[in-house]
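Below is one structure, written out as structure tokens; comments come after it.
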Amino acid sequence: MRRRLGMLSLVMLGVLMFAASHSLLQAQGQQQKQLICHVSGKSGAHIISVAAPAVPKHLQNHGDCLINSTDSTLVGQPCDATDANGNDICDIQP
């Protein structure tokens, strides 16, 4: 009886661990994305989609600017990375 109870406990622990890791992976997959006009030396500026935590580095280090849209069909399209007023939002929107 004790052995069965021990085995049942181990199985339940495994099921709980699997459920917790599955929920975490699902949450990471649904992370909020932001469209950015990304400046690239080779192909010029084009629209990319990045996870919210990556936005500050793109704005600070790459000369990129934000696109005010959630339309994922814009990804890959050329864009104008001009941000003359310095508010991190592209002056010319697609």
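Bear in mind these aren't lab numbers, they're just calculated from the coordinates by the rules spelled out. A quick note: this is a predicted structure, and the numbers were derived from the prediction, not measured.
Here are some notes:
- Considered as an equivalent ellipsoid built on the Cα gyration tensor, segment 32-94 has semi-axes of 14, 14, 12 Å, the largest given first.
- Full extension of the chain between Ser40 and Ala84 yields a length gain of 14.0 nm, computed as 0.36 nm times the residue separation minus the alpha carbon distance.
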